[in-house]
Amino acid sequence: MQPGSAPFRIIQVRRIARAEEVIDYLLELEAGDRRSSEKRFAKKYVVLDSSTDIAKETIIQHVRCLKLGRGAYHYLLSGSAMDEHWSEIFYGFENLDITGFRVIDYSKKNVQDFLENWKWKSHISSKAAMMFDSVNLIFEAILRLVRKKPEFLRASARRSIPPNSTKINDCNIEERGITPFEFGAKLAKTIRRTEIDGLTGFIKFDEDGHRSNFTLRIVEMTAGSKSETVGTWYDDKGLTKPNEIGWVVPSELTKTYIIISVQEQPYIMPLVDKRSKKKWKGFSVDLAEMIMKKLGLKYEHRLVKDGKFGEENQEVAGGWDGIIGELIRKEADLSISSLTVSVQREELIEFSRTFLSFETVTEDVPLRLDSIFSFFQPLSKEIWYSIFGSMLAVSFSLYIVSKCSSSEYELCIKPNEDTQSAGVKTVQAKVVNTFTLWNAIWFSLGSFMQQTSGYRPRSLSGRIVSGVWWFLALFVMIIYTANLTTHLTISQLNPPLYTVHQLHKCPAETNKPCDMMISIMETGLKDFAVAFPKGSPLREGVNLALLKLRNDGDLYRLIRKWFLPLSCSNQHHGKEMSLSQIAGLFYILLGGLGLGLIIGFIEYISYRRKNKRQPINASPPGTPVRTPNSPVMRSIMKPSTHRSQNERDAIDWNAANYAVYGSPSNHECQDETSTHGTFRQV
């Protein structure tokens with residue numbers, strides 16, 4: 001307490017040596033107060049300045065004493081008695097309150113790590129904690145001397161006495177006096193300059209060797225409840241009381257705290273708004289505003305100088321750059337950004353409770369078919385693009401191999417309209433290829449839809465191409481039907497319920513990190529927390545503020561605002577079939593297309609060689625043949641039944657110049673090879 005800020009009047013003082021003397025003295029006071037009802041039921045305040053053992057025994061005997069149980073007492077214990085483990089025997093005593101001081105902060109991570117390795121007890125006394133910190137401080141000071149001067153302790157004037165020496169050391173220091181350690185002054189100077197973060201807080205000394213920045217937490221233990229912090233006493237600032245969230249506000253309320261972040265969406269982004277005084281927007285900006293508002297502190301939000309999170313860099317002071325380096329050098333008070341918690345970083349700086357956790361393994365959510373083009377969703381876009389490209393490739397392949405193979409040509413016979421006026425009925429025969437480009441596309445589309453198109457490949461190369469295309473179409477239709485049936489069945493069910501532990505997954509890649517599951521309660525693969533320098537007094541307050549924001553639901557709403565936009569928060573996306581899962585089908589198709597093209601080329605070469613041996617049929621496929629020995633009929637003339645014999649004899653048709661063949665009247669267009677077998681000479 002600061003002098004004069006909380007005055008109180010001392011009525012009586014008694015020197016005690018045992019706990020029984022305290023109880024006897026209180027019984028005497030009770031006996032004297034029975035005469036006045038006002039004093040009898042008034043609350044009595046007892047300041048007990050004693051050792052920890054006497055203080056604990058006094059409290060226990062007070063609880064067990066029935067005569068003192070009727071009065072209301074409030075003990076103020078001096079020293080570090082509250083750091084001891086108190087029995088729960090007095091928790092149910094309704095008229096006893098205890099206030100004391102605690103040196104150890106059990107919420108700090110280094111204290112928690114120490115207690116995890118503490119084999120015997122779940123707590124540690126203040127004396128043991130101070131002894132532990134003293135040993136660590138001396139050890140750290142000696143290490144600093146050894147690093148600075150490796151010859152330290154080697155050039156000492158003291159030497160060990162040989163084992164065979166008969167000299168006896170005189171331990172009578174009264175006669176000889178105390179001989180100081182040769183490097184004692186240097187070691188003491190190094191200790192005063194050494195700073196460590198111990199179990200009893202941040203340890204630092206002034207030039208006179210007194211500990212500075214000393215902090216005592218004022219703890220109050222009421223009836224039926226455990227101890228809770230009601231204030232903090234600083235050696236240079238005095239008493240500070242907690243705010244609305246139960247945190248002890250530091251005395252330097254006028255100080256502006258520096259918060260640093262790395263510019264990254266959606267944590268912190270520039271705000272382009274001339275009407276607003278803010279320069280930044282994002283998750284970290286809103287979270288910093290909410291935390292500092294809970295703590296009632298002023299702050300300034302800025303970006304880290306080098307834009308890095310922090311890596312080892314011996315060229316900068318402190319050995320680290322980025323956020324880690326600025327916190328080590330205490331250029332900033334805290335950092336609220338996407339800084340992950342790691343073991344290496346915890347050795348350099350401190351972290352608050354985890355406020356955000358990302359799971360890299362997403363949960364399978366049923367696909368909801370709620371759009372007009374939802375029937376495309378069972379397969380990925382890459383598969384649909386590949387199917388369309390494969391259809392065009394198959395069509396072009398069929399068109400090419402049909403041009404190269406003679407098996408794809410047919411003989412088409414059509415009536416000749418030019419000779420109808422002369423009274424002569426003639427027909428015109430022509431060898432054509434039915435597999436045009438459009439017919440090939442129609443064949444590919446019909447095959448994929450499991451329908452007939454009226455066209456069939458006859459060549460070996462064309463059948464190979466169509467076979468691999470049918471193979472692909474069969475499996476694609478099976479996979480598509482199975483996936484669509486599954487999604488339609490599941491979509492009829494009610495959507496799954498999600499707790500506050502997990503939120504929906506957003507599909508947009510721009511909404512980082514929407515491809516992860518977000519958790520604010522359970523630990524995930526990547527934990528994010530607020531970072532502080534070692535020994536920062538803000539850590540406890542930030543933890544309480546985060547807990548308050550989480551319990552009130554503000555943290556949950558803030559996460560939904562920046563990580564889950566409304567445009568995609570209600571969409572459910574399940575697993576769709578990817579191209580990599582059925583890529584083998586397309587590889588088979590490519591192999592079949594290549595094989596078909598090779599065979600088609602071989603057929604074309606063999607046809608050319610055959611025509612060289614038979615020059616009469618050397619015309620390329622598709623051209624009408626006009627030689628007398630050709631299987632093509634230029635015209636077939638039949639005399640009209642209405643004319644006389646003389647008129648039929650008078651017709652000059654120059655039949656001697658042509659070899660005329662007849663064909664069955666019910667076949668207008670047929671294969672060239674089959675036509676040869678059915679023709680008859682007239």
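General observations
- Qualifying residue in region 181-191 (condition: at pLDDT 80 or above, surrounded by 16 or more Cβ atoms within 10 Å (Cβ to Cβ) and under 18 Å from VAL111 (Cα atoms)): no
- Being more than 22 Å from MET221 (Cβ to Cβ), out of contact with any Leu (no Cβ under 7 Å at 6 or more places or on another chain) and at pLDDT below 85 is a property that does not hold for ARG18.
- Checking GLU315, GLU331 one by one, the residue that is touching an Asp or Glu at 6+ places or on another chain (Cβ under 9 Å), surrounded by fewer than 22 Cβ atoms within 10 Å (Cβ to Cβ), in a loop (DSSP other than H, G, I, E, B) and not small (Gly, Ala, Ser) is GLU315 and no other.
- Residue tally, condition surrounded by fewer than 18 Cβ atoms within 10 Å (Cβ to Cβ) and over 19 Å from VAL285 (Cα atoms), over region 349-359: 1
Residue-by-condition table, conditions (1) under 25 Å from GLU382 (Cα atoms); (2) touching a strand residue (DSSP E or B) at 6+ places or on another chain (Cβ under 6 Å):
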| site | (1), (2) |
| --- | --- |
| LYS430 | no, yes |
| ILE441 | yes, no |
| TYR455 | no, no |
| SER459 | no, no |
| LEU472 | yes, no |
| THR481 | yes, no |
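Here's the yes/no breakdown for (1) of a type in the set (D, E, K, R); (2) modelled with pLDDT of 85 or more; (3) touching a Leu at 6+ places or on another chain (Cβ under 7 Å):
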{"residue": "ALA129", "(1), (2), (3)": "no, yes, yes"}
{"residue": "ASN136", "(1), (2), (3)": "no, yes, no"}
{"residue": "THR194", "(1), (2), (3)": "no, yes, yes"}
{"residue": "THR215", "(1), (2), (3)": "no, no, no"}
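- Cross-chain or 6+ apart pairs with Cβ under 7 Å, region 315-330 first and under 18 Å from VAL343 (Cα atoms), then among the hydroxyl-bearing types (Ser, Thr, Tyr): ILE323/SER335; ILE323/SER337; LEU327/SER335
- Number of residues in region 299-314 that are touching a residue at least 40 places away in the same chain (Cβ under 8 Å) and under 24 Å from the mean Cα position of the chain (by Cα): the value is 5.
- Residue in region 102-117 that is farthest from the chain's Cα centre (by Cα), counting only those that are polar (S, T, N, Q) and not in a loop (DSSP other than H, G, I, E, B): ASN117
The values are calculated or read from the model by the stated rules, or taken from the named source; none is laboratory data. Note that the structure is predicted; figures quoted are calculated from it, not measured. When we count neighbours, we look across all protein chains shown, and the Cβ atoms used for this are built from the backbone with ideal geometry, even at glycine.
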